[in-house]
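Heads up, the thing below is written out as structure tokens.
The values are calculated or read from the model by the stated rules, or taken from the named source; none is laboratory data. Worth saying up front: this structure is predicted, and the values here are computed from it rather than measured. We place every Cβ from the backbone using ideal geometry, glycine too, and count neighbours over all the protein chains shown. To get the accessible areas, we keep the full protein, side chains included, count just its heavy atoms, and leave off ligands, DNA and RNA. Shrake-Rupley method; radii C 1.70, N 1.55, O 1.52, S 1.80 Å.
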Protein chains: 2
Amino acid sequence: MPQVSIKAVEMPASPIRKLTPYADRAKAEGKQVYHLNIGQPDIETPQGMLDAIRSVDFKVWAYTPSEGTASYRTKLAGYYNKLGYSIEPSDILVTNGGSEAIMIAMQACANPGEEIIIPEPFYANYNSFAHSAGVTVKPILSYIDNGFALPPIAAFEEIITEKTRAIAICSPNNPTGYLYSRQELEALRDLCIKHDLFLLVDEAYREFCYDGHEFVSPMHLEGLEQHTVILDTVSKRYSACGARLGCLITKNHDLWQAALKYAQARLSPPAVAQIAAEAAVDTPQHYFDAVKQEYNARRDTLVAGLNQIPGVYCPNPGGAFYVLARLPIDDADRFCQWMLEHFSYENQTVMMAPASGFYSTPDAGKNQIRMAYVLNISDLKKALTCIEKGLAAYPGRQ
Amino acid sequence: MPQVSIKAVEMPASPIRKLTPYADRAKAEGKQVYHLNIGQPDIETPQGMLDAIRSVDFKVWAYTPSEGTASYRTKLAGYYNKLGYSIEPSDILVTNGGSEAIMIAMQACANPGEEIIIPEPFYANYNSFAHSAGVTVKPILSYIDNGFALPPIAAFEEIITEKTRAIAICSPNNPTGYLYSRQELEALRDLCIKHDLFLLVDEAYREFCYDGHEFVSPMHLEGLEQHTVILDTVSKRYSACGARLGCLITKNHDLWQAALKYAQARLSPPAVAQIAAEAAVDTPQHYFDAVKQEYNARRDTLVAGLNQIPGVYCPNPGGAFYVLARLPIDDADRFCQWMLEHFSYENQTVMMAPASGFYSTPDAGKNQIRMAYVLNISDLKKALTCIEKGLAAYPGRQ
């Protein structure tokens, strides 16, 4: 019998899914499970985007250009330029979700065996894409006690080698919610210029910044034009995760051309999604205002609720829709499984993502969990009660 | 300035696109260009599929499961079982187009540095996916004089090494149109069992078999259940290339699980496409009958038309919608470019794909071209006239 490749066997499995069998069993036992484990928003997709799907009028559902349709790229460039990015439609490569943008960027920046530095905790699939590309992720610890701010530049300098090709960040951050400041981005700019590194920035959560904090992209900084690669998606911005439409943006022509070859190999991004996402660029501001207000209220509820539980610490993140909290427990993997397997309060329980899956350093974040606030406030409050009661009953409490 | 990875620089560019600048210039000069270079059918997508897009009624355009929705996989299993495949929905992994199915299959079967044998000429993007996966393609020449039949098993035996992990074929074939026979598949079965190799079969053109020829899949053969990986797409079957929906099918559980990890990393295949493709399974038989009749008539027109041009030889392929013809010329790359750059007849010319891009062996197929019969018969006849006049005038005629 033929054997699966060792590389495939060693491909990291998704950490947010490893508890799914326990959640399924809990549901089969009749428990209500609040899902705080995955970033699937419950927010409605903008009406204009849904209407665009329902209005497609082609007779042949044809390939689009590999780099995306001209009309979508033009409209999309307008969206970015309103944010002050100064890009051309030709700087955009439309991708199969933000996932493909990340994958292509890694392949275009680094050869197998070369390195990309990423502050941890980080979005777990970065590991999967790096494994697939044969690229090594070099993590740098960030810390819950300063809200997961950018590690000091000296820490980057320490692990930069001749194999380092890029630094990757996500801002606002998944899984921490941390929003990088202008000062932090400027420090990264100087570092990338000094060492000739690409700066990959995953901006999937750009629209979700709170408390009046300014969103800053390397596209707003001067001198980094040839280093910057923006990775984006419509998934979170328009609550359109199922569209599978993202993009890679770079003003580095060589990088764009290299990325295009990967895009040409898979022929085309999805056609209907591009039509819908083009319409979505016209989404009225009041949609975003309402969504932000909702997320903001949820964050406030969740952060305040967590911090009033004895022994729990949760920083107040500046963006995205995640929090990363420290719990008074021995092991978050064990606790999250226990919550599904052995606990319920009024026949309810909570599914959370143990933070270990977002760290590469062994044992880092062992008592931390990530929660996505993708439930309404009433459900969030019930989930908080479950967590409080669960922590009180958990045998591994510390 | 940071440098693009060497691997990206060495990523093969798409051979069917390299003449696009010449075609664009020809059009800018006012020439009409008949596009026989790319497999984008002009056939209308089934009405039921288009209606399904226009009827989506979700409020949140959400991720689907990474392996595809349960309802689509169930319906799709029904389509295959009607063809006699005996598969379960759980054997299906839904992908971002057939492209992703090929990419994932290569990664799951072979480690970087290992080998996959593919009869050539073959679909050029196999090279791109193999390059991306770090896998080496070992080509085996097939020949125009026997219509590109499977090379003798002895030729496979000769190049099988301890690094060989799989054999890949496409049936009916792109670029040759060749339809592999039951005897050929049985010979491959025995070979794969003998050497513990996976058999990857790209069946994108399954619905297009002519002259009453039987379509045979390894799924119809016994003893190959653990070796077979079917790669499929809705692109050609329903003229829905822009849906970007394919699938990988295998009864090898380990392989399916390994493939799932790659699928989980990119989260989800497109949601609307799955809804539409589920509806497409109910496409009435008369749709396929009409499409096949149209392609059959086109093939007959093109093959007969080519063979009556002095010095041209074109086998009569059993399936797909491509022909690969030999022309009385020095170099097909040069000829195809010349047709766009320096030739017109009644202000018309033809864009074709030089076959060199479909061969790995240097200089193989140097006087061959691939044509996709994706134009109506009237346009095909005009294209044939252009080719005949062009060959008469071409300075590199031999």
| When the distances between all Cα atoms of region B:58-174 are binned every 10 Å from zero, what whole-number percent does each bin get? | 12, 33, 31, 19, 4, 1
| task | List every residue whose amide H lies under 5 Å from the amide H of B:CYS170, counting only residues 5 or more places away in sequence or on a different chain, with H placed 1.01 Å from N in the peptide plane. | result | B:ASP202
| task | Go through region A:169-178 residue by residue and turn each phi into a ³J(HN,Hα) via Karplus (6.51, -1.76, 1.60, θ = phi - 60°); whole Hz please, and just put x for glycine and proline. | result | 9, 10, 9, x, 8, 9, x, 9, x, 5
| Can you list the HN-Hα couplings for region B:207-213, worked out from phi with the Karplus curve (6.51, -1.76, 1.60; θ = phi - 60°), rounded to whole Hz and with x for Gly and Pro? | 6, 10, 10, 10, 6, x, 5
| query | What are the nm distances, shortest first, from A:THR161 to its equivalents in the other copies, labels at 7 Å along Cα→Cβ? | reply | 2.8
| field | Residues with amide H under 5 Å from that of A:SER142, placed H, sequence gap 5 or more | value | A:GLU120
| Taking H as built 1.01 Å from N, whose amide H comes closer than 5 Å to the amide H of B:VAL350, not counting residues under 5 places away? | B:TYR34
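What number results when the radius of gyration of the protein assembly as shown, computed over Cα atoms, is divided by 2.2 N^0.38 Å?
Working: Rg = 27.1 Å, N = 796, 2.2 N^0.38 = 27.8 Å.
The reported ratio for this selection is 0.97.
Got a number for carbon plus sulfur as a percent of chain B's accessible area, 1.4 Å probe?
After summing per-atom areas, the C and S share lands at 50 percent.
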| message | Taking beta carbons within 10 Å but only from partner chains, what does the mean come to for residues B:131-138? | response | 3
| query | Between the helical axis of B:97-109 and the dominant principal axis of chain B, each derived from Cα atoms, what acute angle in degrees is found, rounded to the nearest 10? | reply | 60 degrees
| task | Please give the solvent-accessible surface of A:LYS138 in Å², to the nearest 10, using a probe radius of 1.4 Å with every protein chain present. | result | 70 Å²
| Which listed pairs, of A:LYS138/A:LYS236; A:LYS366/B:LYS163; A:LYS7/A:LYS381; A:LYS59/B:LYS75; B:LYS75/B:LYS292; A:LYS236/A:LYS261, have C-alpha distances above 32 Å, in listed order | A:LYS366/B:LYS163; A:LYS7/A:LYS381
| remark: Expressed as a whole-number percentage, the relative contact order of chain A with C-alpha contacts under 8 angstrom and at least six residues apart is 25 percent
| said: What is the angle, in °, between the Cα long axis of helix B:70-82 and the longest principal axis of the Cα atoms in chain B? Nearest 10 is fine, range 0 to 90. | reply: 60 degrees
| request: Please provide three numbers in whole Å: the alpha-carbon extents of chain B along the principal axes, with the largest listed first. | output: 59, 57, 53
| What residues of region A:258-282 lose no less than 50 Å² of accessible area with every protein chain in place versus their chain by itself (probe 1.4 Å, heavy atoms only)? | A:LYS261, A:TYR262, A:GLN264, A:ALA265, A:LEU267
| query | Of all DSSP beta bridges located in region B:48-280, what percent are antiparallel, nearest 5? | reply | 35 percent
| query | Taking each residue of B:98-110 in turn, how many C-beta atoms of other protein chains fall within 10 Å of its C-beta, and what is the average? | reply | 3
| Kirkwood Rh (inverse of mean 1/r, distinct Cα pairs), region A:166-267, angstrom | 14.5 Å
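Sum up the charges of everything whose Cβ sits under 15 Å from the Cβ of A:LEU221, counting Lys and Arg as +1 and Asp and Glu as -1, but leave A:LEU221 out. It would help to have the intermediate numbers written out before the result.
On the way: positive: A:ARG182, A:ARG189, A:LYS194, A:LYS251; negative: A:GLU184, A:GLU186, A:ASP190, A:GLU203, A:GLU214, A:GLU222, A:GLU225.
Cβ neighbours under 15 Å give a net charge of -3.
Before anything else, pin down the relative contact order of region B:19-121: Cα pairs under 8 Å, at least 6 apart, normalised by residue count, whole percent.
That works out to 15 percent.
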| request: Can you list the distances in nanometres, one decimal and ascending, from the B:GLN398 label point to the identical position in each other copy, with the point 7 Å along Cα to Cβ? | output: 7.6
| remark: Cβ-Cβ cut-off under 11 Å around B:VAL9, Lys and Arg +1, Asp and Glu -1: the net charge is 0
| query | How much FRET efficiency would the formula 1/(1 + (r/R0)^6) give for A:SER71 and A:ASP363, where r is the Cβ-Cβ distance and R0 is 35 Å, rounded to 0.05? | reply | 0.10
| note | Under the Karplus relation with 6.51, -1.76 and 1.60 and θ = phi - 60°, whole-Hz ³J(HN,Hα) for region B:245-256, x at Gly and Pro, equal 9, x, 7, 10, 10, 8, 8, 7, 4, 4, 5, 4
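Counting only heavy atoms of the protein chains, get the accessible area per residue of chain A (1.4 Å probe) and round it to a whole Å² value.
34 Å²
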| Mind checking the log10 I(q)/I(0) for region A:106-165 at q = 0.12, 0.13 Å⁻¹? Debye, one equal scatterer per Cα, no solvent, two decimals. | -0.30, -0.35
| Taking region A:48-280 on its own, what percent of its Cα-Cα pair distances exceed 23 Å? | 46 percent
| message | With viscosity set to 1.306 mPa s at 10 °C, what whole-number translational diffusion coefficient in µm²/s follows for region B:43-112 from Stokes-Einstein and a Kirkwood radius over Cα pairs? | response | 109 µm²/s
| note | Simple SL model, points at 7 angstrom along Cα→Cβ for A:SER90 and B:ARG25; separation in nm is 1.7 nm
| note | at B:GLY78 the sorted inter-copy label distances (label 7 Å from Cα on Cβ side), in nanometres, are 4.3
| Between B and A, accessible area buried - total, square angstrom, nearest 100, 1.4 angstrom probe | 6300 Å²
